[in-house]
Amino acid sequence: MVVAYRRSARIARLALLPAAALLSSFVPQATIARTAAHQYQGHALESMAPQNEAQRILAQTVRAIGENFNGDIGIAVEDVQTGWTTAYDGDTLFPQQSVSKFWVALTALDKVDRGELSLSAPFTLHKEDVTLFHQPIAAQIGANGYRTNIAELMTRALQQSDNTCNDAVLWRAGGPEAVRAFLRTKGIEGIRFGPGERKLQSAIAGIEWHQSYASNGGFYKARDALPYSARRAAFERYIASPMDGAAPLGVVDALSRLKRGELLSAASTQRLLGIMSHTKTGPQRLKGGLQLGWTLSHKTGTGQVLGGVQAGYNDIGVITGPDGHSYAMAVLIRRSSAPLQQRMAAMQATVRAAIAYHRAAEGEDLAGYRSGRSYGGR
């Protein structure tokens, strides 16, 4: 499915590359059957067919990436300045995994803007605050705990994707319901926020969380003790209707609104995008497609694997060119057994294609863009 939409009658100028040029560059020709997926039907966005050559190329390219990828993928790209957006499978809810840390940071910074939360007030993390999976800060939490603040934890949650740091920010910002309230208040559609890292990952594995799972490999032992059929059933339930699901269209709309300063104060907007511009995870996902002079503020997400299938392999972010023009993008993979290089290649191609369009739109190489010569690597 290819979807194009806009919020208002702003001039459309976003386009990518000719499908033939893109396909020969990175995607396997074999495809697998798409799984049944929960469709998000709540948004009220105006559908819009391509109105010019550039938009037709964009629709073809997005369709080529999506249909030829070996797995279930959703892609959306929005021109931040004009609001014109296109997507492949853009209204389906995909598992977010650590992409959801973005919504936690937004909620926390909104509370900072309203004077309800301090970035610098000190507090102590203790052993009982430790969660599971990737959490570098756990090694620093000793018998007397670890003294920290929201500013540090938010940075580590976004840049290192530290689950314990993110959980600490989440609960000090009011918990999952505070995030959901922020999404409702700001009119951010097509986003689900789950119950927090512990309960979410436990449910995906088919078990119920106990704090003892946070140490000595407890989570893995409990998960491995389940019959495979029970694990598979829980895994498939999550993929079919993820508790933390997000529609690519909803993601890029929120990213664009953040970049335009519509969600947070100027200071908080600058802080959040600045932190995300130094993200350490996923250096070869969206970031691998950047070209000289372009920057990226992004957040990755990586889910559990069962039977060679991964539930959630994502990257979302905003790329900005030397002239200050920006594009928001989301590449979300629901389930795939494709090699990591193929997944990263799809993400990189999305970035390179947007950059190639931008150069053509500015008149740098319009003829090359039409022919596909403007498509290139890093």
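Taken together, the values in this text are just the output of simple stated rules run on the coordinates, not laboratory data. Quick caveat, the model's predicted, so the values are computed rather than measured. Virtual Cβ from ideal backbone geometry, glycine too; neighbours counted across all protein chains shown.
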Spatially proximal lysines relative to Lys111 (Cα-Cα < 28 Å; intrachain offsets below 8 disregarded) | Lys101, Lys127, Lys186, Lys199, Lys259, Lys280, Lys299
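Kindly rank 111-118, 137-144, 83-90 from highest to lowest mean number of other beta carbons found within 10 Å of each residue.
Working: 111-118: 14.6, 137-144: 12.9, 83-90: 26.2.
Ranking the peptides 111-118, 137-144, 83-90 by packing returns 83-90, 111-118, 137-144.
Once you sort the root eigenvalues of the Cα gyration tensor of segment 197-238 as a ≥ b ≥ c, which label holds: rounded (a/c under 1.5), prolate (a/b larger than b/c) or oblate (the other case)? Numbers along the way, then the final one.
On the way: a/c = 3.02, a/b = 1.47, b/c = 2.06.
The shape class here is oblate.
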Which aspartates and glutamates does Lys287 reach when only Cα atoms under 12 Å apart count, and residues fewer than 8 places away in its own chain are ignored?
-> Asp315
Per the rule of 0.36 nm per residue minus the C-alpha distance, extending Ala266 to Ala240 adds in nm 5.6 nm
Arg56 versus Arg147: modelled label distance in nm, points set 7 Å from Cα along the beta carbon direction | 6.6 nm
What does the charge add up to near Phe123, with Lys and Arg as +1, Asp and Glu as -1, over the other residues with Cβ less than 12 Å from its Cβ?
-> 0
Just subtract the alpha-carbon distance of Ala230 and Phe133 from 0.36 nm times their residue separation and send over the number in nm, one decimal.
-> 32.8 nm
Given +1 on the Cβ of Lys and Arg, -1 on the Cβ of Asp and Glu, and no further charges, what dipole in debye does segment 197-238 carry about its Cα centre, rounded to the nearest 20?
-> 40 debye
